[in-house]
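Participant: Got a structure for you, questions after.
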Amino acid sequence: MTGTTRKLQCLIVLVCLSVVLGFSNVALLQSQSLTTRKTTVTIRTSTKLSVPSLLRSLKITIPSVVPPVNSNLQSTTSRQEPSAAVSDETNDVDAMRAKAGLLRLSILKQQMELQTLERQVRCCEAPTSNTLLPDSPLDAATQIFQNSIATFQLSTKVLLRKVARVRAKIGSSNQQYENVGDYALSQTKTATRIISDLVLRHPDRLWQLVDPDLPKLVPHAPAILARLDKLESHVAPILERVVNNRSHLASVEPYLDEILERFDDIEPHLPWILDNIDVLAPYTGLLLKHVDELLLYAQVGDDEDIPTTGSQYDLAEQLLPYLEYYVKNLDIVGPHLPLLRPHVPQLLKYNRIGLISPHIEKLFAKGYRDLSASANMDVLLFWLGWTLTVPGLPALFFALPGSPRIVSFLANRLPKRFVRGYCNDVSCSVDNMDYGVSWNRLSKA
């Protein structure tokens, strides 16, 4: 009995020691890592498996119980090593989510501002004198219908004027048709080719028609039909860069009838316009109001001293970065553009236009209106062009209250012989009250 009692006592002691050691190691592991529950479950499972092994063999020693627990400790420690990298990745994700939240907030504010501007635009475009927003969906639908009818009437006038020019054979593009019937047949064939090419040969382009502003083109159908012969070769780039859910159609559509009215003048430059549509589209209305003045800058003359790459739009490419400075003040700057055109090569030298452009708004805001000064810009640049390169001097000069009068005085008083040679007496006549009266007519025949 004594031997059996001792064996039972040893067995109980060993079991108690193994259990105590197992739970102590589990507590140690829990204090070291609380990242996952899986590790703790593994440790407890392995500890419980060591107790039946002691029951099956009374000769087992205490060290035989400890190694499994230590192996789990090593595995847990190895699992803890990448925790720093995981923490860094978590911080990066948090930073990206924070930045995304700020961008969403900024987009939301811009969308609210856009909606406010669009409401104001709709009020201004309303055919009635009521400038209030519609009170009900029925009023909104009525207003949209009235605007569509007004647009359709303008578009029909574009078609009728085109038919009148075809009948009178006015313009080189209208002399190819024998009569109005021949013109109508030609436009019908063109429409058939465009639709068949879109549906049969390039059905993938149909996805580009998924644009929320596309239904707005329906009232413009007569004007589009009037210009199908000119539009046919540009259908693919127009679908890709203007429609195609790029938000450009909302900027272009209100002026589509005027664009198609002057399409004979605009169409030769349409490929370049489409290449730069991201920059030009927001300013469609402002640019169209001064289309004749701006078309002077579309091409480079053969005798002009302008660095070119072989493209006829090299001049326009060099002036494009400064569009934002001038487009907001085109109503004021517009009459000066034809007079400044001969002096553009001098303005492009030494990046003078880049140095003076940031101050143009200040100059015109102070009342600069003298057309003769723009006509004599070459004289100013010859004598005083070097001052633009002095740091701070242009900003200081254009900040003066009398800077417009100083510019006008110097442009008309500085000697011209050193600049123009024997042509120093030649000047542009801008005193006539009819200057610029016939420009930018959007219903031009």
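Participant: Extent of region 341-422 along each principal axis, from alpha carbon coordinates, in Å, largest to smallest?
Facilitator: That gives 36, 25, 20 Å along the principal axes, largest extent first.
Participant: Still on this model: R241 accessible area, nearest 10 Å², 1.4 Å probe?
Facilitator: R241 exposes around 70 Å² with every protein chain in place.
Participant: I've got another one for you. Please report the orientation-averaged projected area of region 374-418, defined via the convex hull of its C-alpha atoms, in nm².
Facilitator: Working: hull surface 12.6 nm².
Result: a mean projected hull area of 3.2 nm².
Participant: Considering only protein heavy atoms, what per residue accessible area in square angstrom results for region 168-325 with a 1.4 angstrom probe?
Facilitator: On the way: 8420 Å² over 158 residues.
Per-residue accessible area for region 168-325 comes out at 53 Å².
Participant: Subtract the Cα-Cα distance of W386 and K328 from 0.36 nm times their separation in residues, and report this length gain in nm to one decimal.
Facilitator: On the way: separation 58, 0.36 × 58 = 20.88 nm, distance 2.76 nm.
Using 0.36 nm per residue and subtracting the Cα-Cα distance, I get 18.1 nm.
Participant: Going through region 156-256, which GluC sites (Glu not before Pro) have at most 15 other Cβ atoms within 10 Å and a DSSP loop state?
Facilitator: Numbers: sites: E178, E232, E240; in loops: E178.
Those that pass, being in a loop and sparsely packed, are E178.
Participant: Also, I was wondering about something else. In what sequence, largest accessible area first, do I238, I144 appear using a 1.4 Å probe?
Facilitator: On the way: I238 45, I144 105 Å².
Sorted by accessible area, descending: I144, I238.
Participant: If packing is taken as the mean number of other Cβ atoms within 10 Å per residue, what is the order of 188-194, 220-226, 363-369, highest first?
Facilitator: Going from most to least packed, we get 220-226, 363-369, 188-194.
Participant: At a 1.4 Å probe radius, carbon and sulfur cover how many percent of the accessible area of region 266-379? Before the final figure, lay out each step's value.
Facilitator: Values: 2900 of 5270 Å².
Solvent-exposed carbon and sulfur of region 266-379 make up 55 percent of the total.
The values are calculated or read from the model by the stated rules, or taken from the named source; none is laboratory data. Computed from a prediction, not measured in an experiment: that's the story for all the values here. Cβ sites come from the backbone with ideal geometry, for glycine too, and all protein chains shown count toward neighbours. When the accessible area is computed, the model is the full protein with side chains, heavy atoms only, and any ligands, DNA or RNA have been set aside. Shrake-Rupley method; radii C 1.70, N 1.55, O 1.52, S 1.80 Å.
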